[in-house]
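Chemist: Pasting a structure below so you can have a look.
Read-outs throughout are calculated quantities, based only on the coordinates presented, and are distinct from any laboratory measurement. Being a predicted model, the structure only gives us computed values, none of them experimental. Every residue, glycine as well, gets a Cβ built from its backbone with ideal geometry; the counts of neighbours run over all protein chains shown.
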Amino acid sequence: MIYDFLVIGGGMAGASAAYELAQHGHVILLEAESTTGYHATGRSAALFTRNYGGPVVRQINAASAEFFRSPPKGFCETPLLTPRGCLTVSFGDHDAQLDALLALSEQGEEIRPITPNDACAMVPFLQKDRVKRAVFEENVTDIDVATLHLSYLKGAKARGAKIITAHPVTTMSHDGDIWSVQAANTPFSAKRVINAAGAWADRIGAMAGAAPIGLIPKRRTAIIINGPEGLDCTTLPAIDFAGSDAYIKPEAGKLMASPGDATPSEPMDAWPDDMDIAVLADWIQRNTTIEVSRIEHSWAGLRSFVPDEAPVVGDDADVPNFFWLAAQGGYGIMMAPILAQLTAELCSETEGPYRNLFAKALSPKRLVDLPE
Ligand SMILES: Cc1cc2nc3c(=O)[nH]c(=O)nc-3n(C[C@H](O)[C@H](O)[C@H](O)COP(=O)(O)OP(=O)(O)OC[C@H]3O[C@@H](n4cnc5c(N)ncnc54)[C@H](O)[C@@H]3O)c2cc1C
């Protein structure tokens, strides 16, 4: 069979693209691992933070909110978002950062200053004498990543897509019309290939004969710890610390913390570095009243970026019918609904709202003009 669309990668990008593309033709999705969502998608902080990232990313996040709040009928049975809020605290001279955040406040999406006392009442493990300023973003929410990912895969299958795991793509060739793709010694044919391979996207590009987009996977570490004795962590907001990349957020009754690291890495099954964990535990003890007596769990995942830190969505500049859906950085869950709809618009050449808004800014062709 010749598929219309062959999607490589079963993370959030590939799953959401398969769901949207399945309305326009026969779709097959090939995932290298024995389960989908094993890499970046299964390792995220699961936050929807509309004001995170550069201007294009923030625009995409804002556009995604509608899908999350009102997903298509029958897509999922439980809400995709739950309220969380995010408190940004400053211990020193970080007025520029807090003022820039406040400047993003809009009607219905308010960001407001709160007093240091109120901040400490909201998050009792802050050191009272150190908080100088605080800002609260009401509209930051948790995303139910597992439900979103599963619903995309189930929805894609219901629309006729085939999802195959344990099939790493190893070779690809193109005869002018049709792609021939080998995965786990099985040949597949398709008119168009969608490269949603996460940290491996440049490797897939090389197989297709495409020039690299300059993707750099960057490792980010996370740990789970207990909150202070007797504190109900479930209702706390996420906490950002101005002047630091570290953050803390509630996670299933405990706390997830990350140093906000971004260590360049090869594409791989990432794992946390012991030293990063030790430095983070020490940072938490020095900057909060939490006693880190035990690391319950730790992990690391790769967030993959091109130099301008916007995603890469569109046809390759030279290789025909080879489509990039890559470089989602630290925002790939929250941007997924819009990037998948844009992918379907561009690949099926149908009209839709996102081509005009985002196609040029996200095109792989823009990378050709970037300075070295
Ligand atoms: C610690 C951390 C915190 C994060 N927090 C957030 C957050 O709060 N909110 C947010 O929106 N985003 C967050 N992110 C980013 C988000 O997780 C990613 O942007 C997103 O998951 C990327 O999805 P993806 O499908 O592109 O990549 P992946 O999930 O990595 O999927 C790519 C898939 O391609 C497969 N693949 C690779 N090579 C082949 C091949 N040859 N053949 C077949 N399949 C192949 C891989 O096995 C993998 O399953 C975070 C990431 C990390 C690591």
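Chemist: Is it possible to state the helix-based mean residue ellipticity at 222 nm for the chain, with each DSSP H run of 4+ residues giving -39500 (n - 2.57), the sum divided by total residues, to the nearest 500 deg cm²/dmol? What is it?
Modeler: -8500 deg cm²/dmol
Chemist: Further question on the same structure: For region 223-372, what is the Kirkwood estimate of the hydrodynamic radius, computed as the reciprocal of the mean inverse distance between distinct Cα atoms, to one decimal in Å?
Modeler: Final number for the Kirkwood radius of region 223-372 is 18.2 Å.
Chemist: Restricting the calculation to Cα positions, tell me the Rg (one decimal) and the Dmax (whole number) of region 333-372 in Å.
Modeler: That works out to 11.5, 35 Å for Rg and Dmax.
Chemist: When the Cα centres of region 231-268 and region 167-209 are compared, how far apart do they sit, in Å?
Modeler: 36
Chemist: Report the net charge of residues surrounding Ala161, where surrounding means a beta-carbon distance below 11 angstrom and charges are Lys +1, Arg +1, Asp -1, Glu -1.
Modeler: Values: positive: Lys154, Lys157, Arg159, Lys162; negative: Asp4, Glu20.
Here the count lands on +2.
Chemist: Right, another one. Could you tell me the distance between the Cα centroids of region 25-91 and region 272-327, to the nearest Å?
Modeler: Taking the Cα centre of each part, region 25-91 and region 272-327 sit 15 Å apart.
Chemist: So, one more: Computed over the Cα atoms of region 1-124, what is the convex hull's projected area averaged over all directions, in nm²?
Modeler: Spelled out: convex hull of the Cα atoms, projected over all directions, averaged, 11.5 nm².
Chemist: For the chain, give the magnitude of the charge dipole about the Cα centre (Cβ charges: +1 Lys/Arg, -1 Asp/Glu; no others), in debye to the nearest 20.
Modeler: Details: 30 positive and 45 negative charges, 118 e Å.
Computed about the Cα centre, the dipole is about 560 debye.
Chemist: For region 305-352, with equal point scatterers placed on the C-alpha atoms only and solvent neglected, what are the log10 I(q)/I(0) values from the Debye formula at q = 0.14, 0.27 1/Å, to two decimals?
Modeler: Calculated log10 I(q)/I(0) at the listed q: -0.35, -1.05.
Chemist: Within a 10 angstrom radius of the beta carbon, how do Tyr19, Tyr354 rank from fewest other beta carbons to most?
Modeler: Ranked by crowding around the Cβ, least crowded first: Tyr354, Tyr19.
Chemist: Taking just the alpha carbons, could you work out the radius of gyration and Dmax for the chain, both in angstroms?
Modeler: 21.1, 68
Chemist: Another one. Note down the nm distance, to one decimal, between modelled labels 7 Å out along Cα→Cβ at Asp99 and at Arg159.
Modeler: 4.6
Chemist: Take every DSSP beta bridge whose two residues both sit in the chain, then give the antiparallel share in percent to the nearest 5.
Modeler: Around 70 percent of the beta bridges assigned by DSSP in the chain are antiparallel ones.
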